[in-house]
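What follows is a short report on a single structure.
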Amino acid sequence: MALSYAVRRQLLEASLPESTEVRLELQDYLARTGMTPSDFARRINYARETVYQFLNGNYSRISSNDGLIRTAIRDFIAAHPIATPVISAGKLYQTENARLLRRYFYEALDHGRAYYLYGAPGTQKTYVLQHLIAELNRSEIAKNGEGRRAYYVYVRQGIHSLDLMKRVAQSCGAIGMGTVDRILRNLRFDLSQRKVLLVFDEAQHLSIECLETLRELLDQPPHCGLLFAGTHELEQIFTRQALELEQWRSRFHAGQALPGISEEEATDIVHSELGLGLSQRKIQRLIAKSRITDLRNGGRHSYVSARRLFWVIRELQSVANGEATHPRDQQ
């Protein structure tokens with residue numbers, strides 16, 4: 001015999017405190033991620049109506065026990081945290097590029113400053129920055145309310161200020177719904193108690209509108225540090241658009257070109273990854289395969305691409321181990 005609505009409601013009252021807690025947790029999660037209840041329902045394999053009834057406190061219309069859906073909700077949230085952590089894999093070699101990026105990373109973070117760094121594709125910008133972010137956040141995780149934090153934001157081509165701020169909010173675990181002003185208010189509230197660095201990769205895609213929006217996070221609380229990394233076009237933006245970006249030019253503490261890895265650094269990496277038994281001639285061939293023509297000056301010069309160097313190394317390692325090659329980017 002089916003239980004009546006009144007009986008189901010009475011049985012659910014026993015779990016009311018925990019149900020309320022999970023409901024509030026889910027409401028906050030949806031607000032911060034921008035996910036709809038329908039989206040969330042599909043991800044936990046529940047009907048849309050079931051999730052709606054749980055959110056509205058009417059689960060007794062569905063069942064007399066909400067234990068399974070509470071578990072499903074909490075398991076999903078735990079497995080998909082709001083501020084997705086940047087995870088670094090592999091070894092970070094202390095090249096000149098890595099040293100420069102580390103220097104400006106911590107100067108921007110600790111002093112609330114803005115810096116931009118630029119270099120050719122394959123100069124390890126993304127790889128080093130993600131490694132530094134993961135390193136910092138791991139070391140500061142125990143200082144829950146006050147520890148320093150760095151967040152990674154990828155800038156796609158043609159992005160507008162609202163979409164950019166949504167990406168910033170998502171990276172920081174803040175609520176990313178509503179207008180730019182609302183998102184800025186949420187960021188100020190969530191980040192007010194700690195030193196924060198926002199790292200913008202492929203920053204040459206930022207428009208003047210986007211840059212002016214980000215300037216509020218630098219000039220006003222929480223006074224975030226800002227680090228922009230991109231191609232040589234990034235340097236051109238700040239030198240050729242001097243009039244439009246006059247306010248920014250007075251705020252940047254440095255704009256630095258990344259030199260790329262040298263042949264000596266490339267040789268050290270090859271020795272470390274493949275051992276010391278390689279002949280100098282073979283090492284030179286590996287480095288030669290890793291060179292890319294620099295198109296910015298009519299192709300008259302070339303540089304060693306860290307990305308391509310690691311591809312070549314991984315291919316050799318895979319062949320030696322009898323595996324198929326699946327090169328991983330190191331930018």
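The values are calculated or read from the model by the stated rules, or taken from the named source; none is laboratory data. If you're wondering where the values come from, they're calculated on a predicted model, not measured in any experiment. Because the Cβ atoms are built from the backbone with ideal geometry, glycine has one as well, and the counts that use them run over all protein chains shown. What goes into the accessible areas is simple: the full protein's heavy atoms, side chains included, and nothing from ligands, DNA or RNA. Shrake-Rupley method; radii C 1.70, N 1.55, O 1.52, S 1.80 Å.
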Calculate the spin-label point distance for Arg215 paired with Arg61, positioning each point 7 Å from the Cα along the beta-carbon direction, and give it in nanometres.
5.1
Remind me, relative contact order of the chain in percent, using alpha carbon pairs under 8 angstrom and six or more residues apart?
19
Within the range 100-117, find all residues whose amide N lies under 13 Å from a label point positioned 7 Å from the Cα of Arg251 along Cα-to-beta-carbon.
112-116
Can you check what the Kirkwood hydrodynamic radius comes to for the range 131-172, Cα pairs only, in Å to one decimal?
11.7
Percent of beta bridges antiparallel (DSSP, the chain, rounded to nearest 5):
20
On a straight-distance basis, which lysines could pair with Lys91 in a cross-link, Cα separation under 26 angstrom, same-chain partners fewer than 8 positions away excluded?
Lys125, Lys143, Lys282, Lys289
Set the Förster radius R0 to 30 Å, insert the Cβ-Cβ distance between Arg42 and Asp163 as r into 1/(1 + (r/R0)^6), and round the FRET efficiency to 0.05.
0.80
Ranking request for peptides 262-274, 119-131: highest mean number of other beta-carbon atoms within 10 Å first, then the rest in descending order.
119-131, 262-274
Anisotropy class of the range 27-119 from Cα gyration tensor, a/c 1.5 cut:
prolate
In Å², and per residue, what accessible area does the chain have when probed at 1.4 Å with the other protein chains present?
52
Quick one: 3J(HN,Hα) in Hz for the range 92-108, Karplus 6.51/-1.76/1.60 with θ = phi - 60°, rounded, Gly and Pro as x.
9, 7, 7, 7, 4, 4, 5, 5, 5, 4, 4, 4, 6, 4, 7, 5, 5
State the percentage of accessible surface on the chain attributable to carbon and sulfur atoms; use a 1.4 Å probe and exclude ligands, DNA and RNA.
49
Between Asp75 and Glu140, what length comes free when the chain is fully extended (0.36 nm per residue of separation minus the Cα-Cα distance, one decimal in nm)?
20.9 nm
Over the Cα atoms of the chain, what is the Rg over Rh ratio if Rh follows Kirkwood?
1.09
Part-to-part distance (alpha-carbon centres) for the range 263-284 and the range 134-202, which is given in Å
40
Sum -39500 (n - 2.57) across every DSSP H segment of at least 4 residues in the chain, then divide by the residue count to get the 222 nm mean residue ellipticity, nearest 500.
-16000 deg cm²/dmol
